[in-house]
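Asks: I am attaching a structure below and will ask some questions about it afterwards.
Nothing in this text is a laboratory measurement; each read-out follows from the coordinates by a stated rule. The model shown is predicted, which means the values in this text are computed figures rather than measured ones. Positions of Cβ are generated from backbone atoms using ideal geometry, with glycine treated the same way; all protein chains shown enter the neighbour counts.
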Amino acid sequence: VYEAVIQVERHATTRVSVGAGAIRTLATAWPAGRGRAFVVADRNVLDLHGRTVDAALKGIAREVLAVAIPGGERAKTRAALARLQDALLAARVERSDVVVALGGGVTTDLAGFAAATCLRGLRWVAVPTTLVGMVDAAIGGKTGVDAAAGKNLVGAFHWPERVVADTDFLATLPPEQVRQGLAEMLKHAVVGDADMLDAIEREAHDLAKGDPPSGDLVARAAAVKVAVVSRDPFEQGERRVLNLGHTVGHAIEAATRFATSHGDAVSTGLVVELRVAERRLGFPVAEALRISDLLSFVGLPTRPQCAFRSAARFLQADKKTLAGAVRLALPRRPGEMEKAGGEWAIPVPHDAIEGCWHD
Ligand SMILES: NC(=O)c1ccc[n+]([C@@H]2O[C@H](COP(=O)([O-])OP(=O)(O)OC[C@H]3O[C@@H](n4cnc5c(N)ncnc54)[C@H](O)[C@@H]3O)[C@@H](O)[C@H]2O)c1
Ligand SMILES: [Zn+2]
C-alpha cells in the first residue's frame with residue numbers, strides 16, 4: 001500500500017493510502033478519538049462495500065451510522081446537499097464525529113462539502129471507490145456541488161484528514177467507469193511520471209478487456225496528483241498542470257452538450273493538446289503517437305467528437321491574454337510540464353489549436 005502525507009497547512013495534514021487492502025489502514029490516523037462515523041454513500045455502493053467499511057471501522061468509531069444519498073452527477077446539487085446536511089443534523093452530528101465519504105467523485109465532492117459546512121466544519125475521511133475517485137477526485141481538498149451556471153461552481157476547499165483508496169473495490173466497478181478513469185491515469189503519467197507509461201503498456205491487454213488497473217498502477221497515478229497538490233494545496237499555481245487535456249476536453253463536453261463523457265473528452269483533449277505541445281515545445285512526436293495509440297488501445301477516443309468551430313466558443317478565454325487565445329498547461333516531454341516566466345500555462349492562439357484538431 002502506497003502511503004503519503006500531504007502537508008496542507010502548517011498544522012494540517014492529509015494522510016493518503018492507496019492499494020489492494022488499503023481499507024485495513026483506516027484505523028491508522030483515525031481523526032476522532034471516540035467520535036461516531038457517518039458513512040455517506042449511494043445505495044449501490046452501500047450494498048456493495050458498506051459492510052467492508054463497517055468492519056474496518058469496528059473498534060475505531062464509537063458508533064457507525066449509514067447515510068444514503070442518491071447517486072450520479074444529477075444528484076450533485078444544492079438540493080441533495082441540503083438533504084444530506086439535514087440528515088446529519090437530524091442525527092445530531094457533533095464536532096467530534098467524522099464523515100466518511102464512500103463512493104465516486106460525486107459522493108466525495110458532495111459529502112466533503114456537507115462536512116465543510118455542517119457545524120462550520122466537520123472532519124472527514126474520503127474512501128474513493130471509482131478509479132476517477134482514487135487517482136483524482138478524492139485527492140486535493142476540493143469539495144462542492146453543481147449549479148445551473150455550471151459544474152462544481154459552489155464549493156469549498158476542505159481537506160479530508162484521510163484518503164483511503166482500497167483498489168480491491170475496483171473489482172465491482174463497471175468497465176465503462178474504469179475506462180473513464182484510464183483517461184485521467186494517462187494524463188497523470190504525462191504530467192508527472194514518464195515511466196508510468198511503460199507500466200500502463202504492461203497492463204494494456206487487461207485494461208483493453210475492461211479489467212481495472214493493478215493496485216500498484218493506481219497508486220502510481222494517485223502519487224502524481226499527491227505530488228502536485230502537495231506543492232500547491234490551494235490552487236495558486238502549479239495545480240494548473242493537472243488541466244492537461246482539460247481545456248480542450250471541457251470545450252468538447254460543452255459543445256456536444258455533455259453527450260461526450262468527461263473521460264472521452266479528456267482523451268481527445270489530451271491528443272489535441274499534445275499536438276500543440278509538439279509544435280510549440282518540441283514534445284517528441286513519437287511519444288505523442290505512443291500515447292495516442294495507448295489511449296485508443298484501451299478503448300478511449302482519439303479524434304475530437306465535434307468540429308473545432310463548435311468547440312471554439314467554449315474554449316475558456318483568459319483575461320490576461322488577447323481575445324482568441326487560451327492558456328494551456330503543456331508538457332515539454334512525458335513527465336515534465338513546461339514552466340515559463342513563472343507560469344504553468346502558455347498562451348496559444350485559437351488557430352494554432354485548430355491546426356492541431358486533426359492529425
Ligand atoms: N474534487 C475534485 O478534485 C474532483 C476531481 C475530478 C472529478 N471530480 C468529480 O467527480 C465526479 C465524477 O466521479 P466518478 O467518475 O467517480 O463518478 P460517480 O461518483 O458518479 O460514480 C459513478 C457510478 O459508479 C458507481 N460506483 C462507484 N463505485 C463503485 C464500485 N466500486 N463498484 C460499482 N459501482 C460503483 C456509483 O454508484 C455511481 O453510479 C464529477 O462530479 C466530478 O466533478 C472532482
Ligand atoms: Zn478530469
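Asks: Computed on alpha carbon atoms, what radius of gyration and Dmax characterise the chain, expressed in Å?
Replies: 20.0, 61
Asks: Quick one: the Cα spread of segment 227-266 along its three principal axes, in angstroms, biggest first?
Replies: 34, 14, 13
Asks: Let me ask you something else. Treat segment 251-322 as a sphere of radius equal to its Kirkwood radius over Cα pairs and apply Stokes-Einstein at 20 °C in a medium of 1.002 mPa s; give the translational diffusion coefficient in µm²/s, rounded to a whole number. Walk me through the numbers on the way to the answer.
Replies: Working: Rh = 13.0 Å.
It diffuses with D of about 164 µm²/s by this estimate.
Asks: Debye calculation, C-alpha points only, no solvent: report log10 I(q)/I(0) for segment 134-196 at q = 0.19, 0.23 Å⁻¹, in the same order as the q values.
Replies: -1.00, -1.14
Asks: What translational D, rounded to a whole number of µm²/s, comes out for segment 35-111 from Stokes-Einstein when the hydrodynamic radius is the Kirkwood one over Cα pairs, at 37 °C and 0.692 mPa s? Mind dumping the intermediate values first?
Replies: Values: Rh = 12.5 Å.
For the chosen part, D equals 262 µm²/s.
Asks: Between R83 and A156, what is 0.36 nm times their sequence separation minus the Cα-Cα distance? Round to one decimal in nm. Numbers along the way, then the final one.
Replies: Details: separation 73, 0.36 × 73 = 26.28 nm, distance 1.81 nm.
Extra length from R83 to A156 when fully extended: 24.5 nm.
Asks: Order these peptides, 220-231, 102-113, by their mean beta-carbon neighbour count within 10 angstrom, highest first. Don't skip to the end; give the middle numbers.
Replies: Numbers: 220-231: 22.1, 102-113: 27.7.
Ranked from most to least packed, the peptides come out as 102-113, 220-231.
Asks: Regarding segment 234-359, what whole-number volume in Å³ per residue does the convex hull of its Cα atoms give? Write down the numbers at each step before the final one.
Replies: Details: hull volume 13.8 nm³, N = 126.
Dividing the Cα hull volume of segment 234-359 by its residues yields 110 Å³.
Asks: Any chance you could list the semi-axes, whole Å, largest first, of the equivalent ellipsoid that the Cα gyration tensor gives for segment 42-83, using √(5λ)? Write down the numbers at each step before the final one.
Replies: On the way: eigenvalues 117, 33, 7 Å².
Computed over segment 42-83, the values are 24, 13, 6 Å.
Asks: What order do you get for 21-31, 197-207 when each peptide is scored by the mean count of other beta carbon atoms within 10 Å, highest first? Display every interim value, and only then the final one.
Replies: On the way: 21-31: 17.3, 197-207: 15.7.
Sorting 21-31, 197-207 by mean packing, highest first, produces 21-31, 197-207.
Asks: Efficiency by 1/(1 + (r/R0)^6): what FRET value for R120 and F297, r their Cβ-Cβ distance, R0 = 30 Å, to the nearest 0.05?
Replies: On the way: r = 49 Å, r/R0 = 1.62.
Efficiency, rounded to the nearest 0.05: 0.05.
Asks: Restricting things to alpha carbons, find the Rg to Rh ratio for segment 117-221 using the Kirkwood radius for Rh. The partial results should precede the final answer.
Replies: Working: Rg = 15.3 Å, Rh = 15.0 Å.
That ratio is 1.02, to two decimals.
Asks: P(r) for segment 1-62, please, calculated from all Cα pair distances in 5 Å bins and given in %.
Replies: 4, 15, 21, 23, 22, 11, 3, 1
Asks: Moving on to the next point. Please give the contour-minus-distance gain from D206 to E176: 0.36 nm per residue of separation, less the Cα-Cα distance, rounded to one decimal in nm. Display every interim value, and only then the final one.
Replies: Numbers: separation 30, 0.36 × 30 = 10.80 nm, distance 1.39 nm.
The D206-E176 span can extend by a further 9.4 nm.
Asks: Grab the DSSP H runs of the chain that are 4 residues or longer, score each as -39,500 (n - 2.57), total them, divide by all residues and round the 222 nm result to the nearest 500 deg cm²/dmol.
Replies: -12500 deg cm²/dmol
Asks: Share of antiparallel DSSP beta bridges in the chain, in percent to the nearest 5?
Replies: Working: 19 of 42 bridges.
Among the beta bridges of the chain, antiparallel pairing accounts for roughly 45 percent.
Asks: Across the chain, how many lysine pairs, 8 or more apart or on two chains, come within less than 30 Å at their alpha-carbon atoms?
Replies: Taking the chain as the scope, the lysine pair count is 29.
Asks: Please compute, for the alpha-carbon atoms of segment 1-144, the extent along each of the three principal axes and give them in descending order in Å.
Replies: Between the extreme Cα coordinates on each principal axis of segment 1-144 lie 36, 32, 31 Å.
Asks: I've got another one for you. Cβ neighbours within 10 Å, averaged per peptide: list 340-346, 48-54 in order, most packed at the top. Mind showing how you got there, number by number?
Replies: Working: 340-346: 14.3, 48-54: 17.4.
Listed from highest to lowest mean packing, they are 48-54, 340-346.
Asks: Still on this structure, I have one more. List residues of segment 137-159, by number, whose backbone nitrogen lies under 12 Å from a label position 7 Å along Cα→C-beta of E9.
Replies: Under cut-off, by backbone N: 157-159.
Asks: Could you state, as a whole-number percent, how many of the C-alpha pairs of segment 68-125 are farther apart than 20 Å? Walk me through the intermediate numbers first.
Replies: Numbers: 235 of 1653 pairs.
Cα-Cα pairs of segment 68-125 separated by over 20 Å account for 14 percent.
Asks: Rounding to the nearest 20 debye, state how big the charge dipole of the chain is about its Cα centre with +1 on each Lys and Arg Cβ and -1 on each Asp and Glu Cβ.
Replies: Values: 43 positive and 42 negative charges, 230 e Å.
Once rounded to the nearest 20, the dipole reads 1100 debye.
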